[in-house]
Amino acid sequence: MILCAGEALIDMLPRQTEAHEAAFAPYPGGSVFNTAVALSRLGTRTEFFSGLSTDLFGERLEGVLMANGVGSALAHRSARPTTLAFVTLTDGHASYAFYDENTAGRMLTEADLPAIPETAKACFFGGISLAVEPCADAYAALITRADDLGRVVMIDPNIRPGFIADETRFRARLDLMLAHTDIIKASDEDLRWLLGDEPLPILAEQLRAKGPKIVLVTQGAAGVTGFHAGGDIHVPAQAVSVVDTVGAGDTFNAGVLAGLEDAAALDKSMIAKGLPEDVLRAAMTLGVQASAITVTRAGANPPRRDELG
């Protein structure tokens, strides 16, 4: 089983009414929520932890988890509102405006954390939950616990600079998380924001020096490159007609984790020693295949395993 811990929110996606008026339609989403749904659709047993609201949006989020076979018994529920993310699409690429103050997800504290189930082989963290307080401090504590218990830890910081109120504090907390992380996925933009404008192989090695054994760098249409102790692996992107990129990176994360689970490679000692190149390549390829389908659909709508061909 894989535990996904992080935000669940409502993406308000741009639509047009029958009267041709601009409008926004609510869709369940959030980086970690999307990854959990994608994992379950790929056939991996998945549990989800976050702060979920008891409001109508929270009920909708929980309903989607249930419909997709994702367990939500560990979630902390409160009457605080659900986070909303208003999405703007430019040539299919999404940008976000978040409404997150005093929400059920953001106000999560360390006291609300669950015990990590014995059946959890890996724990995944990411998204805006790692950037805002107090929940970011709670997730940092959960990452430390997962590492101490010998669980594989994967994170995707999914950095949104406009959402980071205290950059110094964010960077310090992320460094703490990285020290307990086995796998990190970062876009090339994330990597350059974190470490500067050096060539990607240099930046990836700088990131590996902070703790992760595997650094996966997504580069949009240029594909993804994985950096590990044995060198680097590149998997090209698939040529598809892009509707929008909402949920693409989240689906890639799910594909990687599902692929490692397929190979019985969600093992901390195996990753520390260095995974066989064919195992890592296969997991990355599954991530690319799954995300290529997601971008052909409106919103975060990841594929099921039998859609991959």
Looking for whichever is more than 17 Å from the chain's Cα centre (by Cα), assigned to a loop (DSSP other than H, G, I, E, B) and either charged (D, E, K, R) or under 22 Å from Thr54 (Cα atoms) (or both) here; the options are Thr119, Thr103. Which one fits? Thr103
For the stretch 252-308, which residues satisfy the criterion of being surrounded by 16 or more Cβ atoms within 10 Å (Cβ to Cβ), more than 19 Å from Ala120 (Cα to Cα) and of a type in the set (S, T, N, Q)? Thr285, Gln289, Ser291, Thr294, Asn301
If we keep only residues of the stretch 82-106 that are buried (at least 20 other Cβ atoms within 10 Å of the Cβ) and modelled with pLDDT of 95 or more, then the residue farthest from Thr46 (Cα to Cα) is Thr103
Scan the stretch 138-160 and report the pairs whose first residue is farther than 17 Å from Ala265 by Cα and surrounded by fewer than 24 Cβ atoms within 10 Å (Cβ to Cβ) and whose second residue is among the β-branched types (Val, Ile, Thr) and at pLDDT below 95, with Cβ atoms within less than 7 Å and a gap of 6+ or a chain change. Arg160/Ile128
Criterion first (surrounded by fewer than 23 Cβ atoms within 10 Å (Cβ to Cβ) and either in a strand (DSSP E or B) or modelled with pLDDT under 95 (or both)) does Val246 satisfy it? no
Filtering helices (runs of 4 or more DSSP H) wholly in the stretch 161-229 for at least 1 residues that are acidic (Asp, Glu), closer than 28 Å to Lys273 by Cβ and without any contact (Cβ under 8 Å) to a residue 24 or more places away in the chain gives 200-208
Every residue in the stretch 1-57 that is within 17 Å of the chain's Cα centre (by Cα), of a type in the set (Val, Ile, Thr), farther than 16 Å from Pro302 by Cα and not in a strand (DSSP E or B), please. none
Checking the conditions here, which among Ala73, Ala25, Ala67, Ala36 is of a type in the set (Gly, Ala, Ser) and farther than 27 Å from Pro14 by Cα? Ala73
Pick out the one residue from Leu266, Leu286 that is at pLDDT 95 or above and either under 23 Å from His93 (Cβ atoms) or in contact with a strand residue (DSSP E or B) (Cβ under 6 Å, 6 or more places away or on another chain) (or both). Leu266
Based on this model, can you work out whether Gly29 counts as surrounded by fewer than 17 Cβ atoms within 10 Å (Cβ to Cβ) and more than 22 Å from Glu110 (Cβ to Cβ)? no
Across the stretch 200-222, what is the number of residues that are closer than 25 Å to Gly29 by Cα and at pLDDT below 95? 3
Out of curiosity, is Glu62 buried (at least 20 other Cβ atoms within 10 Å of the Cβ) and farther than 18 Å from Thr294 by Cα? yes
With respect to Leu191, is the statement that it is more than 16 Å from the chain's Cα centre (by Cα) and crowded, with 20+ Cβ neighbours inside 10 Å true? no
Specify which of the listed residues (Ala5, Ala25, Ala38) is in contact with a Cys (Cβ under 7 Å, 6 or more places away or on another chain) and either within 29 Å of Gly287 (Cα to Cα) or without any contact (Cβ under 8 Å) to a residue 12 or more places away in the chain (or both). Ala5
Kindly evaluate Met107 against the criterion of being touching a Pro at 6+ places or on another chain (Cβ under 7 Å) and in contact (Cβ under 8 Å) with a residue 12 or more places away in the chain. yes
Scanning the stretch 208-226 for residues that are closer than 27 Å to Asp147 by Cα and surrounded by fewer than 22 Cβ atoms within 10 Å (Cβ to Cβ) gives Arg208, Ala209, Lys210, Gly211, Lys213, Thr225
Take the conditions modelled with pLDDT under 95, over 19 Å from the mean Cα position of the chain (by Cα), surrounded by fewer than 17 Cβ atoms within 10 Å (Cβ to Cβ) and of a type outside the set (S, T, N, Q) and apply them to Gly231. Does it pass? yes
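The values are calculated or read from the model by the stated rules, or taken from the named source; none is laboratory data. Computed from a predicted structure; not experimentally measured. When we count neighbours, we look across all protein chains shown, and the Cβ atoms used for this are built from the backbone with ideal geometry, even at glycine.
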